[in-house]
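Below is one structure, written out as structure tokens; comments come after it.
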Amino acid sequence: MKKRIVFCLFFLFLGPFSFAQNYNTLALLKYGGGGDWYANPTSLKNLITFCNRELNMEFSSDYATVDVGSSELFFYPFVHLTGHGNVVFSDAEVKNLRTYLLGGGFLHIDDNYGLDVFIRREMKKVFPELDFVALPSSHSIYHQKFDFPDGLPKIHEHDNKTPKGFGLFWEGRLICFYTYECDLGDGWEDTSVHNDTEERHIVALRMGANILQYVFSN
């Protein structure tokens with residue numbers, strides 16, 4: 001009970017106030033372990049531009065970079081994690097990320113290929129009592145401004161598997177959305193980076209816009 005009271009007081013005086021200061025700034029999550037957390041450097045900027053134009057959102061044109069274990073994590077209501085390789089969260093980072101997500105923060109994880117085994121292991125440390133569940137195509141995250149009747153779109157092939165969107169839910173609230181075998185981040189990047197067609201680029205941006213619209217309207 002004592003821990004619960006401290007937790008509530010923490011978010012009463014720090015959490016909401018901090019989110020309010022950077023409500024319109026997206027953040028990229030920096031992690032240890034050797035994985036390239038910095039992959040897709042143009043992706044968030046392009047997504048921000050698209051959302052501001054197509055959804056009349058007012059996101060800051062620049063995104064922030066924040067460490068998993070930093071107190072600054074609580075400044076941002078939405079953080080994005082991507083990469084290809086290993087991910088390692090320390091015990092302190094596990095506690096920090098859990099507190100952030102339980103307090104109202106949201107994490108979008110995008111497998112840039114090769115991330116799956118590592119991120120599942122680390123998120124299990126954060127929420128040992130939770131499992132990723134596949135979101136059905138009827139979930140509202142696929143039916144915001146843009147309609148995706150079949151669920152998550154396929155942007156890059158990787159292992160030729162069906163793209164899947166997984167979620168972690170806490171007391172009915174989606175706190176983490178994990179896009180697997182899809183590679184939205186690559187699709188958000190400048191088309192010249194991966195030689196994507198403009199059509200594929202737009203599809204990826206529309207799904208990204210849906211995620212943000214879902215998060216910021218819930």
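Would you check if residue 169 is over 20 Å from residue 45 (Cβ atoms), surrounded by fewer than 16 Cβ atoms within 10 Å (Cβ to Cβ) and under 16 Å from the mean Cα position of the chain (by Cα)? So that I can check it myself, show each step before the final result.
Numbers: over 20 Å from residue 45 (Cβ atoms): yes; surrounded by fewer than 16 Cβ atoms within 10 Å (Cβ to Cβ): yes; under 16 Å from the mean Cα position of the chain (by Cα): yes.
Yes; evaluated as a whole, the condition is true for this residue.
Being open to solvent by less than 20 Å² (accessible area, probe 1.4 Å), among the polar types (S, T, N, Q) and in a helix (DSSP H, G or I) is the filter here; which residues of the range 24-47 pass it?
43
Pairs please, first residue from the range 142-167 and hydroxyl-bearing (Ser, Thr, Tyr), second anywhere and loosely packed, with under 14 Cβ neighbours inside 10 Å, Cβ atoms under 9 Å, 6+ apart in sequence or on different chains.
Listed by first residue and then by second, the contacts come to 142/136; 142/149; 142/150.
For the list (1) surrounded by 14 or more Cβ atoms within 10 Å (Cβ to Cβ); (2) closer than 26 Å to residue 101 by Cβ; (3) out of contact with any Gly (no Cβ under 8 Å at 6 or more places or on another chain), I need the number of the one condition that residue 202 fails.
Looking at each condition in turn, residue 202 falls short on (2).
Residues are listed down the side, and each one gets a yes or a no for (1) of a type in the set (Phe, Trp, Tyr); (2) over 21 Å from residue 45 (Cα atoms); (3) in contact with a helix residue (DSSP H, G or I) (Cβ under 9 Å, 6 or more places away or on another chain):
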residue	(1), (2), (3)
127	yes, yes, yes
134	no, yes, no
143	no, yes, yes
153	no, no, yes
185	no, no, yes
193	no, no, yes
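Only one of these conditions is not met by residue 141: (1) crowded, with 19+ Cβ neighbours inside 10 Å; (2) more than 18 Å from the chain's Cα centre (by Cα). Which number is it?
For residue 141, the exception is condition (2).
Are there any pairs, at least 6 apart or on different chains, whose C-beta atoms fall under 7 Å, with the first in the range 195-218 and among the aromatic types (Phe, Trp, Tyr) and the second open to solvent by less than 80 Å² (accessible area, probe 1.4 Å) and part of a helix (DSSP H, G or I), and if so, which?
214/140; 214/141
Examine the range 149-163 for a residue that is open to solvent by less than 40 Å² (accessible area, probe 1.4 Å) and under 13 Å from the mean Cα position of the chain (by Cα), and state whether such a residue exists. Write out each step before concluding.
Of all residues in the range 149-163, those open to solvent by less than 40 Å² (accessible area, probe 1.4 Å) come to 151-153, 155-156, 163.
The next check asks that each one be under 13 Å from the mean Cα position of the chain (by Cα); those that pass are none.
No, every residue in the range 149-163 fails to be open to solvent by less than 40 Å² (accessible area, probe 1.4 Å) and under 13 Å from the mean Cα position of the chain (by Cα).
Just give me the residues in the range 177-196 being open to solvent by less than 30 Å² (accessible area, probe 1.4 Å) and in contact with a Phe, Trp or Tyr (Cβ under 7 Å, 6 or more places away or on another chain), in sequence order. Break it down stepwise before answering.
As a first pass, look at the range 177-196 and keep what is open to solvent by less than 30 Å² (accessible area, probe 1.4 Å): 177-179, 181-189, 196.
Selection gives 178, 183.
The values are calculated or read from the model by the stated rules, or taken from the named source; none is laboratory data. If you're wondering where the values come from, they're calculated on a predicted model, not measured in any experiment. Here the Cβ is made from the backbone with ideal geometry for all residues, glycine too, and neighbour counts use every protein chain on show. These area figures cover heavy atoms from the full protein model, side chains too; ligands, DNA and RNA do not enter into them. Shrake-Rupley method; radii C 1.70, N 1.55, O 1.52, S 1.80 Å.
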